[in-house]
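**Q** Got a structure here, written out as structure tokens. Questions coming.
Rule-based calculations on the coordinates, nothing more; no lab input. As the structure is a computational prediction, the values presented were derived from the model and not from experiment. Quick reminder, even Gly has a Cβ in these numbers, built from the backbone with ideal geometry, and neighbours come from all protein chains shown.
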């Protein structure tokens, strides 16, 4: 294709940023450019196309019909370029980058990832642990772990296990405060993270009525690893995700109280861009992870 049939790459890059942000100011900040430079590049591209790509309004801008048709094409083109160069770079380094949030990494993946590493000695593995969602399509990681309903634009997803929560305590706590005959009995004992909205949902599911315990005093935290450690230590009853604590239940460190396990239909999923599906390292990790998650899904259901 003759180069003259393509607009300047700089203009396309600016167009992609403005189309995503629908703001010249935010696009300029994102690209490290001045707003006038952004405006110039958009005018250059509009001159190349022969018609406006954005409609200026009192409260901002919006894409014209032509701009709206070009935006996803440009976005996909940049994603493909990013994927191609990231793939070339990572293939040379033999690196698999896994994006995951803190709780999943600490309570589940870190306990098992060594087995994958041993089975793939030629592959380096890096865990990118953050509660911020990274842009997988832009090549910020090869695969990711996400919690939700299983549908994310541009990503292929594989169900791992359900995102549920149940009440647990330690054997010593149960001996001291139990027995508990109904979920409402837990309102009389120390609860870990009583400000967690999951508690209200759990008590309602346990037919304890509509209650509010958000103002109740107690040990406050929003981190599952901390709640799990405090529960195992006998400091109170904690709401925990069953899949994270299967081993602790088997070892007798935790006891599940009642068969009350609210289910909103959410789950934990392995995700990656559709265009990554052919990568060997992604396929290898997918196959290993699904095999590891299968028994956990069955035990936590």
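**Q** So what does the Cα-only Debye profile of the range 3-78 read at q = 0.19, 0.26 Å⁻¹, as log10 I(q)/I(0), no solvent term?
**A** Computed log10 I(q)/I(0) values: -0.72, -1.41.
**Q** Still on this structure, please answer the following. Kindly state, to the nearest 0.05, the FRET efficiency for residue 158 paired with residue 56, given R0 = 45 Å and r defined as their beta-carbon distance. Could you put the intermediate results ahead of the total?
**A** Working: r = 44 Å, r/R0 = 0.97.
About 0.55, to the nearest 0.05.
**Q** Here's a follow-up. Using alpha-carbon pairs under 8 Å, 6+ residues apart, how would you state the relative contact order of the chain in percent? Mind dumping the intermediate values first?
**A** Numbers: 434 pairs, mean separation 59.3, N = 301.
Relative contact order of the chain: 20 percent.
**Q** Then there's this: Need the full-extension length gain, residue 246 to residue 22, defined as separation in residues times 0.36 nm minus the C-alpha distance. One decimal, nm. It would help to have the intermediate numbers written out before the result.
**A** Numbers: separation 224, 0.36 × 224 = 80.64 nm, distance 4.64 nm.
So the chain would gain 76.0 nm between residue 246 and residue 22.
**Q** Give me the angle, in degrees from 0 to 90, between the Cα long axis of helix 280-300 and the longest principal axis of the Cα atoms of the chain, rounded to the nearest 10.
**A** Roughly 30 degrees, rounded to the nearest 10.
**Q** How far, in degrees from 0 to 90, does helix 35-49 lean away from the longest principal axis of the Cα atoms of the chain, to the nearest 10?
**A** The two axes meet at around 60 degrees.
**Q** Further, regarding this structure: Restricting things to Cα coordinates, could you compute the convex hull volume per residue of the range 126-215 in Å³? Please list the in-between numbers first.
**A** On the way: hull volume 14.8 nm³, N = 90.
Per-residue hull volume (Cα only) is 165 Å³.
**Q** Listing 157, 80, 5, 99 from the residue with the fewest other Cβ atoms within 10 Å to the one with the most, what is the order?
**A** Details: 157 17, 80 12, 5 7, 99 24.
Listing 157, 80, 5, 99 from fewest to most nearby Cβ atoms yields 5, 80, 157, 99.
**Q** Between the range 117-182 and the range 41-89, what is the C-alpha centre distance in whole Å?
**A** 35 Å
**Q** So between residue 76 and residue 5, what do we pick up on full extension, going 0.36 nm a residue minus the alpha carbon distance?
**A** 23.7 nm
**Q** To make sure I understand, if each residue's beta carbon is the centre and we count other beta carbons within 10 Å, what order do 241, 86, 76, 231 fall in, fewest to most? Mind showing how you got there, number by number?
**A** Details: 241 24, 86 18, 76 13, 231 27.
Ordered by Cβ neighbours within 10 Å, fewest first: 76, 86, 241, 231.
**Q** Please report the antiparallel percentage of DSSP beta bridges with both residues in the chain, rounded to the nearest 5. Present the calculation step by step, with values, prior to reporting the outcome.
**A** Details: 22 of 32 bridges.
About 70 percent, rounded to the nearest 5.
**Q** In Å, what is the Rg of the alpha-carbon atoms in the chain, and how long is Dmax?
**A** 25.0, 80
**Q** Moving to a separate point now. Assuming R0 = 45 Å, what is the FRET efficiency of residue 129 and residue 189, from their Cβ-Cβ distance, to the nearest 0.05? Could the numbers behind the result be given before it?
**A** Values: r = 33 Å, r/R0 = 0.74.
Between residue 129 and residue 189 the formula returns 0.85.
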